[in-house]
1. Considering only the range 10-32, how many residues are outside any helix (DSSP H, G or I) and either modelled with pLDDT of 95 or more or more than 19 Å from Phe183 (Cα to Cα) (or both)?
2. If I ask for residues that are loosely packed, with under 13 Cβ neighbours inside 10 Å, farther than 22 Å from Ile115 by Cβ and of a type outside the set (A, V, I, L, M, F, W, C), which ones from the range 157-202 would you list?
3. Tally up the residues in the range 43-83 that are touching a Lys or Arg at 6+ places or on another chain (Cβ under 6 Å) and under 23 Å from Ala150 (Cα atoms), please.
4. When only residues in the range 137-168 that are under 20 Å from the mean Cα position of the chain (by Cα) and in a loop (DSSP other than H, G, I, E, B) count, which is nearest to Gly35 (Cα to Cα)?
5. Of the conditions (1) farther than 20 Å from Lys77 by Cα; (2) in contact with a helix residue (DSSP H, G or I) (Cβ under 6 Å, 6 or more places away or on another chain), Arg162 clears all except one; give me its number.
6. Out of (1) touching a helix residue (DSSP H, G or I) at 6+ places or on another chain (Cβ under 9 Å); (2) buried (at least 17 other Cβ atoms within 10 Å of the Cβ), the odd one out for Val102 is which?
7. Just to verify a result, which residue in the range 33-80, among those that are assigned to a helix (DSSP H, G or I) and touching a Ser or Thr at 6+ places or on another chain (Cβ under 9 Å), is surrounded by the fewest Cβ atoms within 10 Å (Cβ to Cβ)?
8. Go through the range 123-141 residue by residue and tally those that are small (Gly, Ala, Ser) and within 12 Å of Ile50 (Cβ to Cβ).
Amino acid sequence: MKNIVITLLLLLGMCSASAQLIKEKEPVDPKYLTGAVPVVDGKVTFSCDIPVRCKMSQDTLFRYVHRWANYFFSEQKALKYYDLGSDRKAFIHDLGVAQYLVFKNKALALDRARIFFRLNIKQEDGKLHVSMTDISYLYEEDREPLKLTAEEWITDEYSLNRKKTGFQHGGQGKFRKKTIDHFEEIISDLQLFLEMLAKPKE
């Protein structure tokens, strides 16, 4: 009986490894490839400008953006969300955030990592300049915790293969994709919020 169990476990492991290898050989969306993870002054920094079309004072906009951040990160179930030194007079929101990146969530198979990052939102004339930097991860915390920084894990140098056509096989790809997706989700939600503010009230 014991031998049968061991054999089944080995077969399951082989199937899992084969599935992973097939997945890694699947074509990667070009949006995740070369240049998708910008490095500015040696640090991974995602940034985007969002137009502001709603007519209101900078002070009022500051309050609305603060309200959006509180709502968004509570809905996202942030592990931590705190102020790093926002400047109301300069209209700068400087936030520290810790969340989970979930790679897989199935029965008996939860694969996730904690992501820590700094989100800076600066109000400028007619736009918001949003940046995400100081990114790091904590992986396999229930086993042998692995601490990683974005600079050593998701940059083109460390996460793409030699031909820059796909990911390396060390697991960097899933971190790269999820981090890019997460920043896009933040931008998309904030953009939608601003569009709602700009709509005329009936």
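The values are calculated or read from the model by the stated rules, or taken from the named source; none is laboratory data. Nothing here was measured: the structure is a model prediction, and the numbers come from that model. Reconstructed Cβ throughout: ideal geometry from the backbone, glycine too, with neighbour counts over all protein chains shown.
1. 2
2. Residues satisfying the conditions are Arg162, Lys163, Lys164, Thr165, Lys199, Pro200, Lys201, Glu202.
3. So the answer is 1.
4. Out of the qualifying residues, it is Thr155.
5. Result: Arg162 fails condition (2) only.
6. It is condition (2) that Val102 fails.
7. The selected residue is His66.
8. 2
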